[in-house]
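Reading through the structure tokens given below for one structure.
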Amino acid sequence: MRNEGYKTEKSKELFEIATRNIAGGVGSIARSVGAGFTPYPIFMDHGEGSHIFDVDGNEYIDYILAFGPLLLGHKPKAIFDSVFDTVQKRGSMLGLAHPLEWEVAELIKSAVPSIDLVRFGNSGTEVDMSAIRLARAFTGKEKIIRFEGHYHGWSDMLHFSASPPLSPPGVAGLEEFPNTVFQTPGTPKCLADTIIIQPWNRPEILERTIKRRKDEIAAIITEPVMGNCGCIPPNEGYLQFLREITEKNDILLIFDEVITGFRLSYGGAQGYYNIKPDLTTFAKALGAGFPIAAFGGRGDIMKLIAENKVHHSGTYNTNLVVMAAAKAVLKELSNPDVYKKLFDTAEQVKKGIEKILNDNGIPVICQGVGPMWQFWFSERPITNYREAIQYADADLYHKFYLEMIKKGVYFHPNQLENWFISTVHTREDVEETLNRTEDAVKELKKKI
């Protein structure tokens, strides 16, 4: 369905009402005007499979997929059946131990070889915090290396240099010696001293830093594929380099697989790249839209939690609703044919749109891994945050977004986000996406 005579008047009206009741008019900065949803966010009504529908009746082929959780599409029947059946028979939560806890943990262990023991939470931010606490407790060291442009949740513990301003000069520092930049007011200044910022995909700089400061560093935390600065894969051999240099210097390696977990393969990015970190965090795809997260890793590290030496708790942890969802999700994803279809479908969309744009004289490079990617409006590949800011045309990308939503293709308006695809996107969706892209690019060229 194409959105002829595209209008979003009801969204505009609802946003005006929402701003009188909700700070910023939305529930998260990620879907705010400041994140690129201009002139106002489009208010959605419901989703079905690979499509999403707004309050004005417009229908879109959905490539934002709730920022990643909907790997199985909107309203996946097997997951909903599992949840509804569990709630009807057992309730929504027990607050005490129950069999679904270890059943889901066992499935995660079978999928991800680096995991000996697991604990559960409710969000990516929360489990990243737990992994950092564990790393510090296990090593007896305090400092954490995190990479510029990566995102590990919004806690005071880690929310630095996720998107530092490169202007005026000096705020973020030189690439070789980046500053630790506060991402938000309200963060205690003392916490900046516990973080060491490094550029992504620059092994020589990291090696120099570790050589000087290895006795202070508890862990390196990294997204194995940058997913919060557009989509930037690791350079060839980079993840192996991280594994080797951390092992050599008694530093733990933490993979933040909140986005990549169970998306790039059943074993996540670590399965795809064949790297075993010491600790891993998961969320998003694990719940297919239900709020569950998990962290786990080596038994000798997780033992600190098992023995109550490191605190971890949560009233809503492992509630019946999310555990029923996760169990069903993992069963669905255990079929290897799922990933072949995901990668094949994604490749058709990526190559098709990239070709359309380039054939129309708009330089674009598509970067990504399987079902997550970004179209960089750039004449050169993007390998880290600073290159994304300096070389990619964010304004042109946003104009592309505005033309595409009119044609009924929905994705995030900010180039520093991702496109996602689900298991239920069809060949017809791909063909229609490419046809609509042809039409959108014709309109785009009139405005540039």
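The values are calculated or read from the model by the stated rules, or taken from the named source; none is laboratory data. What you see is a predicted model; the values in this text were computed from it and never measured. Glycine also receives a Cβ, built like all others from the backbone with ideal geometry; neighbour counts cover every protein chain displayed.
Here is a yes/no grid of residues against (1) within 20 Å of residue 271 (Cβ to Cβ); (2) under 18 Å from the mean Cα position of the chain (by Cα); (3) modelled with pLDDT of 95 or more:
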site: 200; (1), (2), (3): no, yes, yes
site: 208; (1), (2), (3): no, no, yes
site: 214; (1), (2), (3): no, no, yes
site: 221; (1), (2), (3): yes, yes, yes
site: 224; (1), (2), (3): yes, yes, yes
site: 233; (1), (2), (3): yes, yes, yes
site: 238; (1), (2), (3): yes, no, yes
site: 243; (1), (2), (3): yes, no, yes
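Hey, any hits in region 104-115 for a residue that's of a type outside the set (A, V, I, L, M), assigned to a loop (DSSP other than H, G, I, E, B), touching a helix residue (DSSP H, G or I) at 6+ places or on another chain (Cβ under 8 Å) and in contact (Cβ under 8 Å) with a residue 60 or more places away in the chain?
The answer is yes; a qualifying residue exists.
Quick one: residue 365 ticks every box in (1) within 18 Å of residue 111 (Cβ to Cβ); (2) free of Cβ contacts under 8 Å to residues at least 40 places away in the same chain except a single one, so which number is it?
(1)
With the structure loaded, tell me whether residue 81 is surrounded by fewer than 22 Cβ atoms within 10 Å (Cβ to Cβ), within 22 Å of residue 267 (Cβ to Cβ), among the acidic types (Asp, Glu) and touching a residue at least 40 places away in the same chain (Cβ under 8 Å) or whether it fails that test.
no
Identify, by number, the condition in (1) in contact with a Leu (Cβ under 6 Å, 6 or more places away or on another chain); (2) not in a loop (DSSP other than H, G, I, E, B) that residue 119 doesn't meet.
Against the list (1) in contact with a Leu (Cβ under 6 Å, 6 or more places away or on another chain); (2) not in a loop (DSSP other than H, G, I, E, B), residue 119 comes up short only on (1).
Please state which one of 112, 171, 127, 104 is β-branched (Val, Ile, Thr) and over 23 Å from the mean Cα position of the chain (by Cα).
Among 112, 171, 127, 104, only 171 is β-branched (Val, Ile, Thr) and over 23 Å from the mean Cα position of the chain (by Cα).
Looking only at region 142-176, count how many residues are out of contact with any strand residue (DSSP E or B) (no Cβ under 6 Å at 6 or more places or on another chain) and assigned to a strand (DSSP E or B).
So the answer is 1.
Restricting attention to region 36-47, does a residue exist that is out of contact with any strand residue (DSSP E or B) (no Cβ under 8 Å at 6 or more places or on another chain), assigned to a helix (DSSP H, G or I), without any contact (Cβ under 8 Å) to a residue 40 or more places away in the chain and farther than 23 Å from residue 369 by Cα?
no
Would a scan of region 86-101 turn up a residue that is surrounded by 18 or more Cβ atoms within 10 Å (Cβ to Cβ) and of a type in the set (Gly, Ala, Ser)?
no
What is the one condition in (1) touching a residue at least 60 places away in the same chain (Cβ under 8 Å); (2) surrounded by 19 or more Cβ atoms within 10 Å (Cβ to Cβ); (3) farther than 22 Å from residue 130 by Cβ that residue 270 does not satisfy?
The failed condition is (3).
Out of all the residues in region 134-141, is one or more in the same structural domain as residue 228 (by TED's automatic domain parsing), assigned to a loop (DSSP other than H, G, I, E, B) and among the basic types (Lys, Arg)?
Within region 134-141, one or more residues are in the same structural domain as residue 228 (by TED's automatic domain parsing), assigned to a loop (DSSP other than H, G, I, E, B) and among the basic types (Lys, Arg).
Considering only region 194-248, how many residues are of a type in the set (Val, Ile, Thr), touching an Asp or Glu at 6+ places or on another chain (Cβ under 7 Å) and crowded, with 20+ Cβ neighbours inside 10 Å?
Final tally of qualifying residues: 3.
Inspect all residues belonging to region 63-76 and state whether any of them is charged (D, E, K, R), at pLDDT 95 or above and either closer than 19 Å to residue 293 by Cα or assigned to a helix (DSSP H, G or I) (or both).
No, every residue in region 63-76 fails to be charged (D, E, K, R), at pLDDT 95 or above and either closer than 19 Å to residue 293 by Cα or assigned to a helix (DSSP H, G or I) (or both).
Of the residues that sit in region 116-127 and are surrounded by fewer than 22 Cβ atoms within 10 Å (Cβ to Cβ) and out of contact with any helix residue (DSSP H, G or I) (no Cβ under 8 Å at 6 or more places or on another chain), which one is nearest to residue 322 (Cα to Cα)?
Among those that are surrounded by fewer than 22 Cβ atoms within 10 Å (Cβ to Cβ) and out of contact with any helix residue (DSSP H, G or I) (no Cβ under 8 Å at 6 or more places or on another chain), it is 123.
Only one of 441, 369, 409, 424 is β-branched (Val, Ile, Thr) and over 26 Å from residue 59 (Cβ atoms); which?
Answer to the check: 369.
Being crowded, with 17+ Cβ neighbours inside 10 Å and without any contact (Cβ under 8 Å) to a residue 60 or more places away in the chain is the filter here, so list the residues in region 52-73 that pass it.
53, 54, 56
Determine if region 296-317 includes at least one residue that is of a type in the set (Val, Ile, Thr), under 14 Å from residue 83 (Cα atoms) and touching a Ser or Thr at 6+ places or on another chain (Cβ under 9 Å).
no
Go through region 251-267 and report how many residues are within 11 Å of residue 128 (Cα to Cα) and not in a strand (DSSP E or B).
1
Of the conditions (1) assigned by TED's automatic domain parsing to the domain that holds residue 112; (2) within 23 Å of the chain's Cα centre (by Cα); (3) surrounded by fewer than 18 Cβ atoms within 10 Å (Cβ to Cβ), residue 313 fails just one. Which one is it?
(2)
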